[in-house]
Amino acid sequence: MNKIVKLNDGSEIEVGLTGNSNNKSIMLPIAKKSVYGQAAKTLKLWGMDPELGNKFVEGLSDTFQVVFFDYEGLRLEHPNEDNLTPETIVKDFLLIADELKVEKFGYYGYSWLALAGLQLAIRTNRLECLIMGGFPPIEGPYKEMMTVTNKTFEQALNNQDLSEADHSEQILPEEIDWDNIQVQMNPDQTKQFVTMYKNLLPFQDKKVQDRLHIPRLTFAGEEDTIIYGENFGNVSVDVVGLIKKNKRELEQLGWDVEIVEGVGMDHTKAMQPAAVLPLIKPWLIKNLLS
């Protein structure tokens, strides 16, 4: 079943509900539609699976009922530049669940959609489990990401006048100089993430852990450390380092902790279905169906 849902800011998003309706529900803020042609080739160059969303939905829907929607894609198309706050994101997710008549559900999110899952977990009692990939549940790099998003927004403002030729130029990943890469996003697209991280700066993730009473899993690729150059504030976002550093404390707090091993298992590779599904599906079966 697919449905158009109007969110709190008036934007509309296509949401889907599929799979085993007799079993537990899992919310995936992931696009199901596959990408083809030149766009698919470009994604592959970046290490992305053009069928990422479809593989996640199909991989889980034989066992679970899956709620899926492309929240990131929506926000890039319809930026909520002044109001993409944790509260707004949570309200959007709960509104989607309401529209699909899904009362209780588990949640999987990766990167900023993982931190959105943590915000969801502390704001509702409707979550039955939480999986955070590519973002630490404690000592999250909110300050570092505030710096990166501020710099990204500044560059987007400065680069508004880039020609169409500049925008269409194809650059292979191995040719990119991350110290001099040019941001070519709409300023409103980048500003909304400045808004989000600004609202998260006062957030103390350790202090909310006692409010989590559901099964929860955190994971990262063993090479998930992003070192940003001068253009992005000279900061390091060491996702795997923070999770490894706090592994014992996380486990004492009730988290299951996994490091996804493999050559080149960085932030991008560790979000691909081939890496994630073998980890999260058995975990979901054990924690939701046993």
Longest segment of the chain lacking GluC sites (Glu not before Pro) that sit in a DSSP loop with at most 11 other Cβ atoms within 10 Å: 1-102
Calculated FRET value between ASP188 and THR225, using beta carbons and R₀ = 25 Å, to 0.05: 0.25
Theoretical gain in end-to-end length, LEU76 to ASN159 [0.36 nm per residue, Cα-Cα removed]: 28.2 nm
Cα-based helix-to-principal-axis angle, 52-61 vs the chain, degrees rounded to 10: 0
Degrees between helix 273-284 axis and first principal axis of the chain (Cα, 0 to 90, nearest 10): 30
Helix axis angle, 142-158 relative to the chain longest principal axis, alpha carbon, degrees: 40
Accessible area per residue, Å², the chain with all protein chains present, probe 1.4 Å: 48
Mean separation of Cα contacts under 8 Å, 6 or more apart, over the residue count of the chain: relative contact order %: 19
Within the chain, longest stretch free of exposed chymotrypsin sites (Phe, Trp or Tyr not before Pro) [DSSP loop, at most 14 other beta carbons within 10 Å]: 47-177
Value of [θ]222 nm, deg cm²/dmol, for the chain, DSSP H segments ≥ 4, -39500 (n - 2.57) each, nearest 500: -11500 deg cm²/dmol
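The values are calculated or read from the model by the stated rules, or taken from the named source; none is laboratory data. Since this is a predicted model, take the numbers as computed values, not measurements. All Cβ positions, glycine included, derive from the backbone under ideal geometry; neighbour counts span all protein chains shown. The protein model used for the area step is the full one, side chains on, heavy atoms only, and it has no ligands, DNA or RNA in it. Shrake-Rupley method; radii C 1.70, N 1.55, O 1.52, S 1.80 Å.
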